[in-house]
Structure formats: C-alpha cells, structure tokens
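Below is one structure, written out as structure tokens; comments come after it.
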Amino acid sequence: MSQNILFVADPLDTFKIYKDTTFSMMREAQRRGHRIAACLAQDLQWKSGGLVTANVQQITLTGNPKNWYRVDRVESTALKDFDAVLMRKDPPFDAEYIYATHLLEQSEREGAHVVNSPRALRDHPEKLAIMEFPQFVTPTLVTRSPQAVRDFHAEHGDIILKPLDGMGGMGIFRVKQDALNLGSIIETLNKGGAETIMVQRFVPQITEGDKRILIINGEPAPFVLARIPQGTEVRGNLAAGGKGVAQPLTARNREIAETIGRQLAPRGLLLIGLDVIGDAVTEINVTSPTCFQEITEQTGFDVPAMFIDALEAHLSAG
C-alpha cells in the first residue's frame, strides 16, 4: 500500500546524492510507490488549539543527477497526516535540535509516526549513549575538568579528545605520550571548564578502520563500512578524507551490535549507526546514520531496501 512519507532533513540542494543516505531512502521509497515529501526542522511549528504543522514540499525524484528532484507542490500540512515522519536532520545536537524533537513528540501525541523516536533521539546523544554499554567501551572520561583530562592522559599516555556535539570527525584531536599541545587542545575544546568533553584511550586498530555497523530494527546489516584513515590523518571519517571499504560483519561485531540493538530498538530507534574501532564501541549514532550507498555499491547488499522493509513493517504494526 502506498504511504506518504515526510523527511525532516537538511536543505535538499545541499544533498550529495551520490553518497547521501537520506536520498537513498527516498529513492527506494519512491521505487515502491510511496509518496515523498521534505521539510526543514525550522519549518516545524505549533499553535495552541491546533496541530504541529510544517511548510512541506511534495517532491518527485527525477533520476537526473543534476536536477534530482521536482517540487510538485508546497503546502502547510499537519505531521499526523503523513504515514511516517523520518527525522534525518544532521547534527549539531544543539538546543534547536532538541526543540525540534519536542515539536515532533507533540506531533506523536497527535497521531504522527516519527522515526527515530524524538524522545529516543534526546535520550541517546551520540557520544554519551556509549555509557550504557561500558563492557564494549575503551577507557573513557567525560568531564569538564582540565585536571581530570591531564590525569587521564598521565594514566593512558595516548588519548583522543573530542567535543560532544561534533560530527564527521570535527574537533577530534590525538595526544601521544609527549603531551604535545595538550594544554592548548584542552583550552580549545573545554573552553575553560565551560563545556564537557570526551576523552578516550587511543585504539591502535584505527589503522584497520573505524567500522560503521548499521542496525535496522535491532538487526545488524551483514556488511560494515570500515572508514580507514589516509596519510597522516588519525580520523577515519569519510568527511575527513577516510577511505570507505565495505567488509563482512565479524562474529564479535555482530555480537556487540545485536546486544546493543536488542536494548535500543524497542525504545524507538529503528536505525542506529554503531561506530566500532577494533572491538571498542566509540559512538552510537541515532540522528542521521549514513553509509547506506557505500555498502550497497561495494557489496550488492541493498541496505535501503532493508531499511524500507523495516519501516513498512513498523507502520503495519503501529
């Protein structure tokens, strides 16, 4: 049965459709006969006595890479009038993002089906969600204290420091045993104790890649994308120049993914992007996990089809 699906995403004209995961979801949904629409998080609004609405573009994908979508009409529509609302806005996970989840949660009370769950998005910030699974985590510190960071470095010698609200490898630093620039890096990230940061013991298996494991309705996809740092770069993120190499899911990584998936999927997280270096979980991405197209193109396993299958089943059950 044809469904009407709204994607809350970044501006369509910013999409790099050759690799964009939201685009691959749209393409698979349209291929199956579903209608697709798009809006920005800033288009969401609520007025007392009414419903959560958005100024929505009903679109058709053209198949032309240069002009890849056509706007059929633009209209203010209640979110509950869509069969599904997919929250696919990229971080930062800032106050405006949180406000958007509150509007989306209100739309749920009005009858909308939102994926991933707005409450689950708020409850699982991508860096901090790993705290629930300490058995899978490399030694990690979350703190505002510059001295605690220095003590952690003294204990572990080779560390990674990162902000809590970044994406694509933004703001990640490595400090080795010599502590070169540690003070300056702490000042940059920590802002004199004003901002909480994450510090982790360096995992040397990063040379084998930062593996993105996709978990769809609690079930890991059978292939991962190992994002391998290039040259002198310590970051494997594709946005930071990493090379993406698809690989079969290992038995240990499957065990980790199934454990996390079983626990998180029932909370309304239909799609999770697990980041694993070696056997250490470094992040649990829930806002807009990516790598669908890279895995599909390199392995032939259709990740967008797996996702839309799960979405259709979710809507049928709900």
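The values are calculated or read from the model by the stated rules, or taken from the named source; none is laboratory data. Note that this is a predicted model, so its numbers are computed, not measured. In this analysis, Cβ positions are derived from the backbone assuming ideal geometry, glycine residues included, and neighbour counts consider all displayed protein chains.
Kindly evaluate residue 102 against the criterion of being in the same structural domain as residue 171 (by TED's automatic domain parsing) and farther than 21 Å from residue 191 by Cα. Show your work before the answer.
Values: in the same structural domain as residue 171 (by TED's automatic domain parsing): no; farther than 21 Å from residue 191 by Cα: yes.
Answer is no for this residue.
Return the only residue of 263, 230, 200 being outside any helix (DSSP H, G or I) and touching a residue at least 60 places away in the same chain (Cβ under 8 Å). Steps first, please.
On the way: 263 fails: outside any helix (DSSP H, G or I); 230 fails: touching a residue at least 60 places away in the same chain (Cβ under 8 Å).
One residue alone meets the criteria, 200.
Only one of these is farther than 25 Å from residue 9 by Cα and not small (Gly, Ala, Ser): 296, 290, 250. Name it.
On inspection, the qualifying residue turns out to be 250.
Show the residue pairs meeting these rules: Cβ distance below 7 Å; 6+ apart or different chains; first residue within region 1-23 and of a type in the set (Ser, Thr, Tyr); second residue assigned to a helix (DSSP H, G or I).
Here the result reads 21/292; 21/293, each pair linking region 1-23 to a residue that is assigned to a helix (DSSP H, G or I).
Restricted to region 1-45, and to residues that are part of a helix (DSSP H, G or I) and β-branched (Val, Ile, Thr), which residue is farthest from residue 69 (Cα to Cα)?
Among them, the one singled out is 21.
Looking at 203, 224, 175, can you tell me which residue is of a type in the set (A, V, I, L, M, F, W, C), modelled with pLDDT of 90 or more and under 19 Å from the mean Cα position of the chain (by Cα)? First the steps, then the outcome.
Details: 203 fails: under 19 Å from the mean Cα position of the chain (by Cα); 175 fails: under 19 Å from the mean Cα position of the chain (by Cα).
Result: 224 is the single residue among 203, 224, 175 that is of a type in the set (A, V, I, L, M, F, W, C), modelled with pLDDT of 90 or more and under 19 Å from the mean Cα position of the chain (by Cα).
Condition check: under 18 Å from the mean Cα position of the chain (by Cα), closer than 29 Å to residue 206 by Cα and not acidic (Asp, Glu). Does residue 128 satisfy that?
yes
In the list 197, 172, 185, 159, which residue meets the criterion of being in contact with a Pro (Cβ under 7 Å, 6 or more places away or on another chain), of a type in the set (A, V, I, L, M, F, W, C) and surrounded by 15 or more Cβ atoms within 10 Å (Cβ to Cβ)?
After applying the criteria, what remains is 197.
In region 181-198, is there at least one residue being closer than 26 Å to residue 268 by Cα and among the β-branched types (Val, Ile, Thr)?
Checking region 181-198: not a single residue is closer than 26 Å to residue 268 by Cα and among the β-branched types (Val, Ile, Thr).
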